[in-house]
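All remarks here apply to the structure that follows.
The values are calculated or read from the model by the stated rules, or taken from the named source; none is laboratory data. On a predicted model such as this, the values are computed, not experimentally measured, just so you know. Note: ideal-geometry Cβ built from the backbone for every residue, glycine included; neighbour counts use all protein chains shown.
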Amino acid sequence: MSKLNGSKKPVYSMGKQISLALMRAGQKGNILQISGGHGIADKLEALGIREGQEIKKISEQWMKGPILLQHGNTQLALGFGLASKVLVEITGEY
Amino acid sequence: MKILLMGNPNVGKSAIFNRLTGANVIVSNYAGTTVEFTKGCLKVAGQNVELIDVPGTYALDPTNKAEQIAVEMLKGRKEEDVVINVVEATNLERSLNLTLQLIKQNVPFILALNFWDETKHKGISIDVEKLENILKVPCVPICAVTGEGVKHLVERIKEAKPSSLGYDEKEKWHEIGNIVDKVQTITHRHHTLLERLSDASVRPLTGLPIAVIVLFLTFKLIRFVAEGLISYVCEPVFENLWSPLMLKLSYFLGSAGFIHDLVIGHLVKGQIDYGQSFGLLTTGLFVPLAAVLPYVFAFYLVLSFLEDFGYLPRLAIMVDTLMHRLGLHGLAIIPMLLGLGCNVPGVLSTRILETRRERFISATILAIGVPCAALQAMVVGLLGKHGMTSLGIVYGTLFIVWIVLGVLLNHTVKGKSPEIFVEIPPYRIPYFRGLSKKIWIRMKWFIKEAVPFVLLGVFLVNILYALGIIQFVGKFTAPVVTRVLGLPSEAVGALIIGFLRKDVAVGMLIPLGLTVKQLIIASVVLAMYFPCIATFATLVKELGFVDMLKSAGIMIISSLIVGGLLNLILP
């Protein structure tokens with residue numbers, strides 16, 4: 001996987017690998033990995049959200065509140081802890 | 001033969017069920033409206049068959065109680081039973097996951113592509129014929145809320161069969177991707193206004209003000225509609241049309257005596273006083289129909305709109321952090337809001353929460369801290385004329401109790417609560433017919449449930465007073481009721497009847513001539529101390545007897561503590 005490239009925007013540049021929880025709202029990316037056992041991976045998989053899929057981060061809340069992501073025409077809210085288990089490679093803004 | 005309606009949550013199974021059976025099942029725009037299966041009857045090719053509205057599920061390995069019911073129903077089906085697999089046409093890829101699992105189970109089924117109308121706005125076009133050729137089962141595009149295509153769906157039920165589509169489980173998503181690529185084309189389009197509003201309601205900077213405004217307007221609107229109906233419709237009807245009739249009947253019954261008092265109640269200065277007379281045909285009808293029903297109507301008018309529009313799951317996102325302090329997550333706000341109408345559907349909908357722990361905490365704090373519309377209507381009627389402060393104290397106290405109890409239970413009940421995981425549906429403009437039907441279902445349900453119990457309550461009040469039982473119990477309980485709560489010993493009558501109906505119980509306070517302070521304490525205690533019988537039965541069913549006992553213990557103790565504290569603190 002590509003490491004940090006595009007040194008002008010060091011924090012959230014394209015290709016950066018970051019958890020869905022820490023990704024910024026307004027960014028999109030591809031899911032690299034869903035860690036933390038079968039529970040969360042299975043639940044996401046049942047909705048078609050799995051490794052290799054593109055997701056957009058719609059919003060996040062203060063104080064580590066839930067994350068809202070979009071995959072296709074599905075919007076899904078999930079807790080900050082769950083979102084931390086989803087590793088995403090940023091591909092840009094949407 | 002049985003037909004099971006199966007599909008992901010919020011794909012419109014209940015809407016189809018209502019269309020097909022003419023039944024009245026509550027339909028809303030959020031996942032988890034249906035938490036229990038409903039049976040109905042449908043004619044297919046001249047034959048009566050049973051149609052079952054199954055709770056939504058994403059996969060055949062259940063993650064909550066509602067999904068578990070769905071999977072059990074599928075496992076328990078008989079040879080001749082068929083499934084109508086309802087999918088969201090705007091979310092084909094995700095929906096086909098369940099479809100492929102049904103195929104693997106060799107289930108005979110047909111596919112209903114619901115929300116067909118929305119595909120056009122979303123720039124999605126699906127080749128139904130191609131899909132049918134691939135899946136090898138009938139595929140029917142429909143729009144359940146308007147009824148388009150539903151007739152065609154029924155006609156094709158007889159063609160249901162297991163699909164011969166074979167696929168490798170490991171390649172499932174690859175297979176789904178192939179199918180979607182073949183049958184679906186998407187054209188680009190711009191964000192609609194509703195989508196922008198949707199984004200605004202889930203971002204903290206805009207979403208929190210929106211939540212505050214929505215809740216504020218909700219309360220304003222409910223009071224405006226309800227008070228308007230009471231002052232301009234219900235009270236005039238009772239005062240001008242019903243009272244003269246009742247006075248004639250009173251004269252006919254001899255103006256006094258046990259039967260007269262039971263039917264008409266006591267006349268106040270020769271007139272009927274619907275608050276104080278306490279006869280079956282006076283107070284017994286006035287309370288449910290003129291005092292409470294307008295509030296129930298106004299409440300469900302606003303709530304049903306918010307439900308169908310799709311606001312509730314977004315509110316769940318905004319309150320998630322707060323709810324975590326109570327050992328719950330954001331979705332638990334939905335049972336609480338439903339509970340503000342009636343605790344029974346509120347407690348039932350705690351099933352959308354995943355664990356026993358969450359269901360215990362949410363049902364308990366709901367039964368204690370969330371007053372139903374019937375109780376609220378009476379309390380507002382009773383305290384409203386003493387100004388907003390006293391009402392504010394009642395609501396404020398209940399809100400604090402709700403939070404404090406939640407925090408305490410979160411720290412004492414073993415285990416950890418899971419995080420929120422819920423699909424957020426698009427905003428949808430409610431259909432007038434669907435909305436009015438839903439409000440009508442809820443009103444009918446209220447009248448059917450409430451009126452008999454209110455009448456029974458009024459009947460019992462008369463009997464208990466006539467036999468001197470309330471006075472007798474009053475002497476026994478005086479140490480608690482009088483010393484701790486600062487109420488007159490007769491107020492125990494309201495606590496007894498409160499087990500039957502809380503609105504009647506509040507009504508019993510009217511003739512006692514309580515001070516504002518006593519009214520506040522009595523209202524809070526009545527809301528908290530124990531659920532009404534209907535809620536009690538639901539709690540036993542949902543929590544089991546042992547947990548219900550624990551819950552009841554918490555109710556009684558906390559109401560005494562809070563009532564006692566109010567008695568000490570209030571001037």
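What single numbered condition from (1) surrounded by fewer than 23 Cβ atoms within 10 Å (Cβ to Cβ); (2) without any contact (Cβ under 8 Å) to a residue 60 or more places away in the chain; (3) within 19 Å of the chain's Cα centre (by Cα) fails to hold for B:LYS43?
Only one criterion is unmet by B:LYS43, namely (3).
Inside the range B:95-138, can you point out the residues that are among the hydroxyl-bearing types (Ser, Thr, Tyr) and under 32 Å from the mean Cα position of the chain (by Cα)?
B:SER95, B:THR99, B:THR119
Look through the range B:405-447, keep the residues that are more than 14 Å from chain A (Cβ to nearest Cβ) and in a loop (DSSP other than H, G, I, E, B), and return whichever of them is nearest to B:THR90 (Cα to Cα).
In this case the residue turns out to be B:ILE429.
With respect to A:LEU68, determine if the residue is under 21 Å from B:THR99 (Cβ atoms), at the interface with another protein chain (Cβ under 10 Å from one of its Cβ atoms), part of a strand (DSSP E or B) and under 14 Å from the mean Cα position of the chain (by Cα).
For A:LEU68, the condition - under 21 Å from B:THR99 (Cβ atoms), at the interface with another protein chain (Cβ under 10 Å from one of its Cβ atoms), part of a strand (DSSP E or B) and under 14 Å from the mean Cα position of the chain (by Cα) - is not met.
Of all residues in the range B:65-86, count the ones that are part of a loop (DSSP other than H, G, I, E, B) and surrounded by 19 or more Cβ atoms within 10 Å (Cβ to Cβ).
1
Give me the residue from the range B:1-14 that is within 15 Å of B:ILE52 (Cβ to Cβ) and among the hydrophobic types (A, V, I, L, M, F, W, C) and, out of that set, surrounded by the fewest Cβ atoms within 10 Å (Cβ to Cβ).
Filtering the range B:1-14 for residues that are within 15 Å of B:ILE52 (Cβ to Cβ) and among the hydrophobic types (A, V, I, L, M, F, W, C), the one surrounded by the fewest Cβ atoms within 10 Å (Cβ to Cβ) comes out as B:MET1.
When you scan the range B:120-141, do you find a residue that is part of a helix (DSSP H, G or I) and in contact (Cβ under 8 Å) with a residue 60 or more places away in the chain, even just one?
Yes - at least one qualifying residue is present in the range B:120-141.
Anything in the range B:127-143 that is under 15 Å from B:ASN178 (Cα atoms) and buried (at least 20 other Cβ atoms within 10 Å of the Cβ)? List them, or say none.
Once the filter is applied, which keeps residues that are under 15 Å from B:ASN178 (Cα atoms) and buried (at least 20 other Cβ atoms within 10 Å of the Cβ), the range B:127-143 yields B:LEU131, B:LEU135.
Is it the case that some residue within the range B:331-345 is within 12 Å of chain A (Cβ to nearest Cβ) and crowded, with 24+ Cβ neighbours inside 10 Å?
yes
Just name the residue that is farthest from the other protein chains (Cβ to nearest Cβ) out of those in the range B:49-72 that are out of contact with any Lys or Arg (no Cβ under 9 Å at 6 or more places or on another chain) and at pLDDT 90 or above.
Per the criteria, the residue is B:GLU72.
Based on what the data block shows, is B:ILE333 modelled with pLDDT under 95 and under 14 Å from the mean Cα position of the chain (by Cα)?
Criteria not met by B:ILE333.
Would you mention how many residues in the range B:233-255 are within 28 Å of the chain's Cα centre (by Cα) and surrounded by fewer than 16 Cβ atoms within 10 Å (Cβ to Cβ)?
Looking only at that region, the number is 1.
Tally time: how many residues in the range A:43-63 are more than 7 Å from chain B (Cβ to nearest Cβ) and touching a residue at least 24 places away in the same chain (Cβ under 8 Å)?
Number satisfying all stated conditions: 7.
Please state which one of B:VAL225, B:VAL212 is surrounded by fewer than 15 Cβ atoms within 10 Å (Cβ to Cβ), more than 30 Å from B:LEU42 (Cβ to Cβ) and within 36 Å of the chain's Cα centre (by Cα).
B:VAL212
What are the residues in the range A:71-94 that are of a type in the set (A, V, I, L, M, F, W, C) and more than 7 Å from chain B (Cβ to nearest Cβ), if any?
Of everything in the range A:71-94, those that are of a type in the set (A, V, I, L, M, F, W, C) and more than 7 Å from chain B (Cβ to nearest Cβ) turn out to be A:PHE80, A:ALA83, A:VAL86, A:LEU87, A:VAL88, A:ILE90.
Being of a type in the set (A, V, I, L, M, F, W, C), in a loop (DSSP other than H, G, I, E, B) and more than 37 Å from the chain's Cα centre (by Cα) is the filter here; which residues of the range B:146-184 pass it?
The answer is B:LEU165, and nothing else.
Can you go through B:ILE110, B:ILE213 and tell me which one is in a strand (DSSP E or B), more than 14 Å from chain A (Cβ to nearest Cβ) and either in contact with a Pro (Cβ under 8 Å, 6 or more places away or on another chain) or on the phi < 0 side of the Ramachandran plot (or both)?
B:ILE110
Take the residues in the range B:388-425 that are of a type in the set (Ser, Thr, Tyr) and surrounded by fewer than 14 Cβ atoms within 10 Å (Cβ to Cβ); name whichever of them is nearest to B:SER559 (Cα to Cα).
Among residues in the range B:388-425 that are of a type in the set (Ser, Thr, Tyr) and surrounded by fewer than 14 Cβ atoms within 10 Å (Cβ to Cβ), the one nearest to B:SER559 (Cα to Cα) is B:THR412.
Can B:LEU42 be described as within 21 Å of B:ALA160 (Cα to Cα) and touching a strand residue (DSSP E or B) at 6+ places or on another chain (Cβ under 8 Å)?
yes
Name the residue, out of B:ASP320, B:ASP261, that is surrounded by 23 or more Cβ atoms within 10 Å (Cβ to Cβ) and either modelled with pLDDT under 95 or in contact with a strand residue (DSSP E or B) (Cβ under 9 Å, 6 or more places away or on another chain) (or both).
Within the list B:ASP320, B:ASP261, the selection yields B:ASP320.
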